[in-house]
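**Q** After the structure tokens below, expect a handful of questions from me.
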Amino acid sequence: MSFSELGLDPLILKSVLAAGYENATPVQQQAIPAALTGRDLLVSSHTGSGKTAAFLLPSIQRLQAEPTVKSIGPRVLVLTPTRELALQVEKSAMTYGKELRRFRTACLVGGAPYGLQLKRLSQPVDVVVATPGRLIDHLERGKIDFSRLEVLVLDEADRMLDMGFVDDIQAIAARCPAERQTLLFSATLDGVVGNLARELTRDAQRIEIEAVPHKESKIEQRLLFADNMDHKNRLLDALLRDVDMVQAIVFASTKRSTEEISDLLADSGFASDALHGDMQQGQRNRALQRLREGRTKVLVATDVAARGIDVATISHVINFDLPRQAEDYVHRIGRTGRAGRTGIAVSFAGMREGGLVKNIERYTGNRIEVHTLPGLEPTQKPASGRPASAGRPRSNNGPRGGFGDKRPDGHKRSFGDRSEPRSYGDRPPRGDSRDNRDRGYRADARPGGERPARSDAPRGNRFEQAARGPSDVPRMTDERALREPKAEVNGNSVEYWEKREREAKAKAAAAATRSYGDRNKGARSGQPARSFGNDSRGGSARVGVRGRFKD
């Protein structure tokens, strides 16, 4: 279907055709006519499907009518997750509206000076493209007015929620007029995105386009396994020296990694640049401009470059680090093979990252073929999935540990199962032991004379006897010897400890008669009473704490 069949204004249609677009994509064919009716839309489509034109063209056509409120504030507000995507959307808006009179745009992103942005907002503006953080700054300063806002667009809503902008989005939507049109575009409309959509839209029409790339995509996907970081560096060097490589984007997981990889490539003679979120917007713009002009051959970036970069000469996308989310993989490889061209996407995977690869294959519905480079083959074998040490339960056929171990016969043993022989001493069950003196139970006190007879051999210390060897004393590991009658003199018997307790009580009673402060005991026994300072040592033992301290 051509754009001329979508009901667009002739001036807008002229700009679209001048930009080289003739036929509308599926998402444009469904979203543009629906948006022209004024209804709220919930649109789900994959990257590279033409979503930007799907919400900009009907929004710009709405500007042909005179506003009902006199103000200098924007009539269309587009929220994007990243600065690069915001700049790209503003560029597209200027392209589609260049035939309109007094058509003005403004881009409000972080990392850029406030002066130019405030100058744009001081004049009547039609379309504002912004990231949530910088737009909140302008709202709190009172520098932007939403009184005549007619259309609110949330582009890449799922990505904005992943980046933690949900509170900012809700605060911005609360400042917008209630009578507005809301267009929400996202890769998925489930979960948190669905909750936000129900909160911000009214009677929205739902449009879902195929959420994954077509299997007949012109992007060739390859997978290379690497033994370690050094192996990854050598693989990257070999790929970038391929004669078929024109320009490449290398995706790393952290900002620090992008700087390190870019420096290594520069030392190796490659024209490389880094791009990550800690860079100022001017630096990021210059890096992208050098990439578009062909002065940069390799751009090393984090996921901030996974969306919003449209450079036709990018022939390779290399995932130096695999993304943790399968959806990010789709956005990354979408930087190559743009506008029907062919591209190559190469992903490096560690030997224990098979699970991430399977998640990506499950999400895209395509199997990524494993490749090797001559002379750089991996020396290790990749794991088929998550290792058992990572927490996956082991097979029931192998050895197990912890509670509930299996017995040799295959039956599961409970925590307190002691029916099998014990490996240390074979003691009888706890309730039948004679040594439960401190547990309130004594087997020797059973009525009816059930106390077992004792042998005449001295028992002594069992541990010392066990260490002496096999002489006349049985070892502890001898089960039969442990069950023989014990000696009459038993160091561990109840009688032995009762005797010890009686002796201890007698000593305690004797000590109690010499209590602190008893000074008349000597007088009652016919001896002269000692004074507090008596230091006589005339053969009698001194008593009392004070006397000892005085010594």
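**Q** With each label point set 7 Å from Cα along the Cα-Cβ vector, what nm distance links ASP230 and ARG141?
**A** Between ASP230 and ARG141, the simple spin-label model gives 5.2 nm.
**Q** May I ask for the percentage of alpha-carbon pairs in segment 119-187 that lie more than 17 Å from each other?
**A** Counting every Cα pair in segment 119-187, those more than 17 Å apart make up 42 percent.
**Q** Now, a different point. Specify whether the C-alpha gyration tensor of segment 1-108 places it in the rounded, prolate or oblate class, a ≥ b ≥ c being the square roots of the eigenvalues: rounded for a/c under 1.5, otherwise prolate if a/b is larger than b/c and oblate if not.
**A** Rounded is the answer for segment 1-108, as its axis ratio a/c remains below 1.5.
**Q** Taking the Cα centre of segment 141-226 as origin and charging only Cβ (+1 Lys, Arg; -1 Asp, Glu), how large is the dipole, in debye to the nearest 20?
**A** 220 debye
**Q** Can you give me the distance in nm between label points at ARG362 and ARG206, each placed 7 Å from the Cα along the Cα-to-Cβ direction?
**A** Here the modelled spin labels are 2.3 nm apart.
**Q** Listed here are the pairs LYS98/LYS218; LYS143/LYS297; LYS98/LYS143; LYS51/LYS98; LYS51/LYS218; which of them are more than 30 Å apart at the Cα?
**A** LYS98/LYS218; LYS143/LYS297
**Q** Turning to a different aspect of this structure: Answer with one residue from GLY277, LEU264, GLY337: the one whose Cα lies farthest towards the positive end of the charge dipole of segment 215-343, charges on Cβ with Lys, Arg +1 and Asp, Glu -1.
**A** GLY337
**Q** Here's another thing I want to ask about it. Going by how many other beta carbons lie within 10 Å of each one, how would you line up GLU208, GLU353, fewest first?
**A** Starting with the residue having the fewest Cβ neighbours, the order is GLU208, GLU353.
**Q** When the Karplus curve 6.51 cos²θ - 1.76 cosθ + 1.60 is applied with θ = phi - 60°, which whole-Hz ³J(HN,Hα) does each residue of segment 101-112 get, with x for Gly and Pro?
**A** With the stated coefficients, segment 101-112 comes to 7, 6, 8, 10, 10, 8, 10, 10, 9, x, x, 10 Hz.
**Q** Just rank TYR363, TYR96, fewest to most, by other beta-carbon atoms within 10 angstrom. Kindly include the intermediate steps, with their values, before the conclusion.
**A** Details: TYR363 15, TYR96 26.
Exposure proxy ranking, most exposed first: TYR363, TYR96.
**Q** For the pair GLU199 and THR95, how long in nm is the line joining their label points, each one 7 Å along Cα→Cβ?
**A** The modelled label-to-label distance comes out at 3.4 nm.
**Q** For a quick check: sort HIS276, HIS231, HIS371 by the number of other beta carbons within 10 angstrom, fewest at the front.
**A** The fewest-first ordering by Cβ neighbours comes to HIS371, HIS231, HIS276.
Each value in this text was obtained by applying a stated rule to the coordinates, not by laboratory testing. As the structure is a prediction and not an experimental result, all values here were calculated from the model. Note that each Cβ is placed from the backbone with ideal geometry, even for glycine, and that neighbours are counted across all protein chains shown.
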